[in-house]
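Input: a single structure, listed below in structure tokens.
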2 protein chains.
Amino acid sequence: MVKVAILGFGVVGSGVAEVLTGQGDGLHKKADELIELKYILDVRQFPDSPFAGCFVQDFSVIENDPEVDVVVETIGGVGAALDFTERALQAGKSVVTSNKELVATHGPRLLAMAAEHQVVYLFEASVGGGIPILRPLSDCMAANDILEICGILNGTANYIFTRMVQDGIPFAQALKGAQANGYAEQNPTADVEGHDTCRKLCILSSIAFGWHLQPQQVPTKGITQITLEDAAYAAACGRRIKLLGRAIAEEDGRICAYVEPHFVSLENPLAGVEDVFNAITVKGTATGDVMFYGRGAGKLPTASAVVADVIAAARQLERASYRPWQPNRPECIVSPEELATQWYVRLAQGELTGERLTIDQGQKGESGWLTPAMTKPALEKALAGKDVLAVIRVLD
Amino acid sequence: MVKVAILGFGVVGSGVAEVLTGQGDGLHKKADELIELKYILDVRQFPDSPFAGCFVQDFSVIENDPEVDVVVETIGGVGAALDFTERALQAGKSVVTSNKELVATHGPRLLAMAAEHQVVYLFEASVGGGIPILRPLSDCMAANDILEICGILNGTANYIFTRMVQDGIPFAQALKGAQANGYAEQNPTADVEGHDTCRKLCILSSIAFGWHLQPQQVPTKGITQITLEDAAYAAACGRRIKLLGRAIAEEDGRICAYVEPHFVSLENPLAGVEDVFNAITVKGTATGDVMFYGRGAGKLPTASAVVADVIAAARQLERASYRPWQPNRPECIVSPEELATQWYVRLAQGELTGERLTIDQGQKGESGWLTPAMTKPALEKALAGKDVLAVIRVLD
């Protein structure tokens, strides 16, 4: 019998308790007969919870109980979560988490610490919620060199775009609707400014390329400036606006990683990903493009990914852990400024070289353009002195 | 050092040799430094191959060489492939295959034999080519009960539909084009009659539900009767024709599995899967729908899936094998006749209850219809005495 402790009884932590024990809505049975929930750490009291007998408030109870084999960290952030993760690993317990900020920031150290103590540190739920992506990328695509990762990694941002396009409402109103529906937090900064996408991209990139890409090395642009006119221009040229995280391997082994909104061609399967869904495209040398699609967040999807990792840890898959990430390699990072693509440009007046786009709405004298493929500096040169309302990268 | 023998040097077998050694187009490096290709079994001679030194013609050389840890079976069929697989497992060697017919037919016996000899039998490449699907389904979704699997599992059939719709050419001509492009075999029966889809569905279902579903238990209908008019009616109601394999878990634990063409709503991400691509949607109790998408066939994608399994076997992941499949349970099989769905019906003349569809082409007096949701017997009752040109199930 493998005994589990959950740190934090929030949305994900309570979902993990339900999936582990089969005591949740729509769940049919216990995840695994060999796994038992022993502790839940939370500062709050939950006297009416079906798990009331499991609660403790002092981490050292878990740390010092040799019966606990696997610790599930769903506290979030890089404070107590980091402290407890380190102490659990040092006490010889495997750790499973959904905490993308902690993994993206301290992943290499925690993976090394797990290997040193012959336990595992697993974090499938940190990217794409319930979508299996890290293990397929790490194991099933092991015979490939990865050429590119491109993903819609934030369901909140994608939901906002979908509402803007389908309901014709502006960004601020779509954001309010997302908050009202529980799809966006009251402080939506991490979602709409792209930080959440950036952290997930760093985890994917580190697994794909084997060295730690740090969030602060990834130029990140959010979606707060996107207008209904931009969405109309996208439709006018057969594209949809999506916030993408991309990491592209150059021939020389350097990585070009960035987060920004794109005009995505309807021919690209990412264009059809709507609402709160996520999708990640991975291009391998042998497989070509494969895509993983599903709900990127939510209590039960995320909890089920956590519990799959708990099962893997419990079955003592010694090699279940991700391979160690080499240290960060700043010399291997290419600026996305150098990535030549087409661009969408909205001008208040004047003209550009490229394909002209027209929309019904919009200001007097304005125009939309699709430029030829060029780098960011070349684009800036072409736009010098012009009255530019918007610039968005294009993905075919 | 783990030594590997490949059985059969056809398209997949030669691809496996290339991916293992990194000696193929677009491949950057050896799949794994710890794995060495020792033998290739083929009745033919390949004196000019870079692997010329590896060829043997007698399986007993491989069977009796204790240095061989992993045997890759890419012979196909259920003759020599079955004999060699059994002998390899009995000799204590792990076996990896892309042979869907063998797995779908004899999977339970071979999995049990592998467990008995403490080796593994892996077959990620047998479904979806290079798309990671079996391991994610088996491991990453382990905390879910699976409610439904629905997939476009045959690239040839999907390519034919895409050409019919995009180029406006009839089935026979689209099939010829597929053969000319190497996407269909000279004998296309297994692809166009749905047998290939059926075998893959049986493998997915057996992994998802834990007991062996046999191909002959799955009602299977192919695509040879689909006309351009059917495709036009599909477009007229916002749908696309796709050949789907579906396995649906009923509340009582019985499984409804079948293969047939469907009108698929454009709202469903399966509708956007074109050309030779495959996609598999899996609905779990906790994750909801997740989808896996990519090239379902081809030399290097399939080879890369085989080699990922070789790496897993080589790393001695004792638990890497799929859990055993319980024996077949005929009492748990529900006929798709009982599955109530909408139907598309094309009538030479007359009317039906439902939504009327119109197309520009077509015969004088004909009409298309979308019925309300009903079972197959109810539909047949409604169609009694009518001049019916086509009937296709609808998926929203």
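The values are calculated or read from the model by the stated rules, or taken from the named source; none is laboratory data. Worth saying up front: this structure is predicted, and the values here are computed from it rather than measured. As a convention, Cβ positions derive from the backbone with ideal geometry for all residues, glycine included, and neighbour counts pool all protein chains shown. Calculation scope for accessible area: heavy atoms of the full protein, side chains included, ligands and nucleic acids excluded. Shrake-Rupley method; radii C 1.70, N 1.55, O 1.52, S 1.80 Å.
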Across the alpha-carbon set of region B:295-396, Rg over Rh with Rh taken as the Kirkwood radius works out to 1.28
To the nearest 0.05, how large is the calculated FRET efficiency for B:E67 and A:D65 if R₀ is 45 Å and r is the Cβ-Cβ distance?
-> 0.45
Given the protein chains as shown and a 1.4 Å probe, how many square angstrom of A:Y159 are accessible, to the nearest 10?
-> 20
The orientation-averaged projected area of the Cα convex hull of region B:181-330, in nm², is 11.4
When each of B:K100/B:K242; A:K200/A:K221; A:K299/B:K283; A:K3/B:K93 is checked by Cα-Cα distance, pairs over 23 Å = A:K3/B:K93
Assuming a ≥ b ≥ c are the square roots of the Cα gyration tensor eigenvalues, decide whether region B:122-170 counts as rounded (a/c under 1.5), prolate (otherwise, with a/b larger than b/c) or oblate.
-> prolate
Compactness of chain B - radius of gyration and Dmax, Cα, Å = 22.5, 72
Determine the shielding of peptide B:292-300 by partner chains: average, over its residues, the number of Cβ atoms on other chains within 10 angstrom of each Cβ.
-> 5
Shortest first and in nm to one decimal, what separations exist between A:I169 and its copies in the other chains, measuring from label points 7 Å along the Cα-to-beta-carbon line?
-> 4.8
Roughly how many percent of the accessible protein surface of the protein assembly as shown is carbon and sulfur, given a 1.4 Å probe and a whole-percent answer?
-> 48
Provide the descending list of Cα extents for the protein assembly as shown along its principal axes, expressed in whole angstroms.
-> 69, 64, 62
Kindly report, to the nearest 10 Å², the accessible surface of A:H195 as traced by a 1.4 Å probe over protein heavy atoms only.
-> 80
Using a Förster distance of 35 Å, how high is the FRET efficiency between B:T224 and B:E116, based on the Cβ-Cβ distance and rounded to 0.05?
-> 0.25
Gyration tensor (alpha-carbon) shape descriptor, region B:204-270, a/c threshold 1.5 | prolate
Relative contact order of chain A: what whole-number percent is it, with Cα pairs under 8 angstrom and at least 6 residues apart?
-> 18
Could you work out the mean count of beta carbons from other protein chains within 10 Å of each residue's beta carbon in B:121-130?
-> 2
Tell me, what does the Kirkwood hydrodynamic radius of region B:149-246 come to in angstroms if you use every pair of distinct C-alpha atoms?
-> 14.1
Ranking by accessible area, most exposed first, for A:M113, A:M141 with a 1.4 Å probe = A:M113, A:M141
Across the identical copies, how the A:T227 labels are spaced - nm, sorted shortest first, 7 Å along Cα→Cβ = 5.2
Gain in length, A:E36 to A:E338, computed as 0.36 nm per residue apart minus the alpha-carbon separation, to one decimal in nm?
-> 103.5 nm
Just grab the label-to-label distance for B:A348 and A:K386, each label 7 Å out from Cα along the Cβ direction, in nm (one decimal).
-> 6.2
Formal net charge of residues neighbouring B:A373 (Cβ-Cβ distance under 11 Å; K, R +1; D, E -1) = 0
Nearest 10 degrees, 0 to 90: what angle lies between the long axis of helix A:80-90 and the longest principal axis of chain A (Cα atoms)?
-> 50
Other residues with Cβ under 11 Å from the Cβ of A:R199 give, with Lys and Arg +1 and Asp and Glu -1, a net charge of 0
Placing a label point 7 Å from Cα toward Cβ, how far apart in nm is A:E337 from its equivalents in the other copies, listed shortest first to one decimal?
-> 7.1
Two-decimal ratio, region A:1-156, of alpha-carbon radius of gyration to 2.2 N^0.38 Å | 1.07
For B:I255, the net charge from surrounding residues (Cβ-Cβ under 13 Å; K, R +1; D, E -1) works out to -4
Quick one: accessible surface of A:D167, probe radius 1.4 Å, all protein chains present, in square angstrom to the nearest 10.
-> 80
At the nearest 100 Å², what buried accessible area, both sides summed, do you get for B and A when the probe is 1.4 Å?
-> 3500
Compactness summary of region A:75-152: radius of gyration and Dmax from Cα atoms, Å, are 13.4, 38
